[in-house]
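Remarks on the structure that follows.
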Amino acid sequence: EKGGHDYFMLKEIAEQPRAVADTLLGRVGADGQLVLDEMRLSDQELRDINKIIVVACGTSYHAGLIAKYAIEHWAGVPCEVELASEFRYRDPILNRDTLVVVITQSGETMDTLMAVRHAREQRSRVLAICNVNGSTIPRESDAVLYTHAGPEIAVASTKAFLTQLVACYLVALYLAQIRGTKFGDEISQVIEWLAQIPARVEEVLRTVEPVRALARSLADERCVLFLGRHVGFPVALEGALKLKELAYMHAEGFAAGELKHGPIALIEEGLPVVVVVPSPIGQRVLHDKIVSNIQEIRARGAMTIVIAEEGDSAVAPYADTLISIPAVPTLLQPLVATVPLQVFACELAAAKGHDVDQPRNLAKSVTVE
Ligand code: F6R
C-alpha cells in the first residue's frame, strides 16, 4: 500500500510529479488558453471582483501566502491572506465584489468552514481550492477548483501543497486572462512552464539523496532556522512547519530581510540555517541581498544549508551544504524549492525514530475550532 516506500509521506512526496500533472490536466486548452469552466463563477463575476482574500490554515495557508504574489503580479487584483482562525474575529471588510478564496486539502477544517460561512453571510463569493470531492467546504462554497493530488494519508501535507500551488497559479493566470492584464505574453509563457513542472520536480526527487544524509546528521540538533524572500519566504515557513510537526524540533521561518531587525541575535556557532535563494537571473536584486545575509550569518558561526538555482556560483562559496534546484520562473520556484524541505523533515524525523505518518498530537483533518 505504501508502494515500496517506508512511509506514506515518502510515497506522497514521490507522487508529486503525477499530482501536479493531474491538477493541470484538462485545464489548458489546445490554444494555450486556460479553461476553468468547472468553477461555477462567470467571467463577468470574476471581472467585477476588486479584492481577493485568501483564507486557510497551516500548510494550506502557506500556499495562500504564495498565491498573493501570483494574484497581484499576474492578475493585478489586490490580495490579502489570512489565517482562517483569525479571519472572522477581526471584522474583515467584505462585500459582493470581494472574492474569498479558501484553500483546504480535506475540505473539512472547521476554522476554514467558519470563514466560508462568515464570508457568504457578508455576500462575498467564495471559491474553494480543495482536494476532497464533495467534502463540506466545497459544498458550502459558490465555486470550487479541485486539486487532483489523490488521497493524502500522511498527516503532514506534501503533494496536496504542491497541487494547491498549481491551483492558485491557475486562478491567478485565469483572472489575468479574462481581465486582459498587461502581462499577456508572460501569461502564455508561464502556462507553458507549468507543463514542465512535473519533469522539474522529478529532477529534484532524483537529486535529494544528499538531503537525506544531511537530515540524518542533524538529528541531535535542537533548533533549525529557515530564511527566504519573496515567494521563498512562505517556502521557509513551510519548511519550518514540516520540521516542527514531524521532528518535534524548534524550527522557525523568517523573511531574510527581517534578520537584521531581530532574528540575527539567534545565530550562534553551529546553528543550522536553511536559506531559500531567489534566482540570480530572475531576481538579481533579492538574490544579491540574500547572498549578503548568508555571508553575515556564516561569519557568526551558522551552518548554512543553501537551496539555490543550478549554476548559482555566487552563493556556492558560502554554502556549507548546497542543494541545487532547477531554474524555473520566479513565482513557480516554490514548486521545486519545497520538495527538498519535505524530504529533509521526513528523514530527520525518521532518524529520530518518530512516527512520520502519524505525528503526536496531530490529526489529518481538524474538525474543531
Ligand atoms: C501540515 C498540515 C496542516 C494542514 C492544516 C489545514 O502539514 O497538514 O497544517 O495544512 O490543518 O488542513 P486543510 O488543508 O485540510 O484545511
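The values are calculated or read from the model by the stated rules, or taken from the named source; none is laboratory data. This one's a predicted model, so the numbers in the text were calculated from it and none came from an experiment. As a convention, Cβ positions derive from the backbone with ideal geometry for all residues, glycine included, and neighbour counts pool all protein chains shown. Keep in mind that these areas ignore ligands, DNA and RNA; they rest on the heavy atoms of the full protein, side chains included. Shrake-Rupley method; radii C 1.70, N 1.55, O 1.52, S 1.80 Å.
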>> Looking only at residues that are part of a loop (DSSP other than H, G, I, E, B) and touching a residue at least 40 places away in the same chain (Cβ under 8 Å) in the range 72-92, which one is surrounded by the fewest Cβ atoms within 10 Å (Cβ to Cβ)?
In response: 76
>> Checking residue 109 against (1) within 14 Å of the ligand (Cβ to nearest atom); (2) in contact with a strand residue (DSSP E or B) (Cβ under 6 Å, 6 or more places away or on another chain); (3) closer than 16 Å to residue 57 by Cα: exactly one of these is not met. Which one?
In response: (2)
> Of these, 233, 226, which one is closer than 29 Å to residue 284 by Cβ and not in a helix (DSSP H, G or I)?
Replying inline: 226
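Specify which of the listed residues (65, 46, 10) is touching a residue at least 12 places away in the same chain (Cβ under 8 Å), part of a helix (DSSP H, G or I) and more than 19 Å from the chain's Cα centre (by Cα).
Step by step, each of 65, 46, 10 is checked, and only 46 is touching a residue at least 12 places away in the same chain (Cβ under 8 Å), part of a helix (DSSP H, G or I) and more than 19 Å from the chain's Cα centre (by Cα).
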> Regarding residue 345, is this residue within 16 Å of the ligand (Cβ to nearest atom) and in contact with a helix residue (DSSP H, G or I) (Cβ under 6 Å, 6 or more places away or on another chain)?
Replying inline: yes
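Of these, 36, 83, which one is more than 20 Å from the chain's Cα centre (by Cα) and within 22 Å of residue 107 (Cβ to Cβ)?
None of the other options fit; the residue is 36.
Does the range 323-331 contain any residue that is open to solvent by 30 Å² or more (accessible area, probe 1.4 Å), farther than 20 Å from residue 224 by Cα, β-branched (Val, Ile, Thr) and part of a helix (DSSP H, G or I)?
Scanning the range 323-331 turns up at least one residue that is open to solvent by 30 Å² or more (accessible area, probe 1.4 Å), farther than 20 Å from residue 224 by Cα, β-branched (Val, Ile, Thr) and part of a helix (DSSP H, G or I).
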>> If I ask for residues that are open to solvent by less than 60 Å² (accessible area, probe 1.4 Å) and more than 16 Å from the ligand (Cβ to nearest atom), which ones from the range 54-71 would you list?
In response: 70, 71
> Right, residue 205: open to solvent by 10 Å² or more (accessible area, probe 1.4 Å), part of a helix (DSSP H, G or I) and closer than 20 Å to residue 264 by Cβ or not?
Replying inline: no
> Among 196, 177, which is the only one that is outside any loop (DSSP other than H, G, I, E, B) and surrounded by fewer than 17 Cβ atoms within 10 Å (Cβ to Cβ)?
Replying inline: 196
> Out of all the residues in the range 155-174, is one or more away from the ligand (no atom under 16 Å from the Cβ), open to solvent by 10 Å² or more (accessible area, probe 1.4 Å), of a type outside the set (D, E, K, R) and out of contact with any strand residue (DSSP E or B) (no Cβ under 8 Å at 6 or more places or on another chain)?
Replying inline: no
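Residue by residue, here is whether (1) assigned to a strand (DSSP E or B); (2) among the hydroxyl-bearing types (Ser, Thr, Tyr); (3) over 20 Å from residue 199 (Cα atoms) holds:
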| site | (1), (2), (3) |
| --- | --- |
| 305 | yes, no, yes |
| 314 | no, no, yes |
| 317 | no, no, yes |
| 335 | no, no, no |
| 347 | no, no, yes |
| 356 | no, no, yes |
> Can you spot a residue in the range 113-131 that is open to solvent by less than 10 Å² (accessible area, probe 1.4 Å), within 10 Å of the ligand (Cβ to nearest atom), among the polar types (S, T, N, Q) and outside any helix (DSSP H, G or I)?
Replying inline: no
> List pairs: first in the range 98-124 and in contact (Cβ under 8 Å) with a residue 60 or more places away in the chain and over 16 Å from residue 64 (Cβ atoms), second of a type in the set (S, T, N, Q) and assigned to a helix (DSSP H, G or I), Cβ under 7 Å, 6+ apart or cross-chain?
Replying inline: 108/136
> From the list 167, 156, 172, 160, which residue is at pLDDT 95 or above and over 20 Å from residue 38 (Cβ atoms)?
Replying inline: 156
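Please determine, by comparing only the residues of the range 132-154 that are assigned to a helix (DSSP H, G or I) and more than 11 Å from the ligand (Cβ to nearest atom), which one is least open to solvent (accessible area, probe 1.4 Å).
Selected residue: 138.
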>> Looking at the range 79-100, can you tell me whether even one residue there is within 17 Å of residue 38 (Cα to Cα), modelled with pLDDT of 95 or more and within 15 Å of the ligand (Cβ to nearest atom)?
In response: no
> Within the range 215-252, which residues are within 19 Å of residue 297 (Cα to Cα) and open to solvent by 10 Å² or more (accessible area, probe 1.4 Å)?
Replying inline: 221, 222, 223, 229, 233, 237, 250, 252
>> Looking at 16, 33, can you tell me which residue is touching a residue at least 24 places away in the same chain (Cβ under 8 Å) and crowded, with 22+ Cβ neighbours inside 10 Å?
In response: 16
> Going through the range 100-112 one residue at a time, which ones are touching a Ser or Thr at 6+ places or on another chain (Cβ under 7 Å) and open to solvent by less than 10 Å² (accessible area, probe 1.4 Å)?
Replying inline: 100, 102, 103, 104, 107, 112
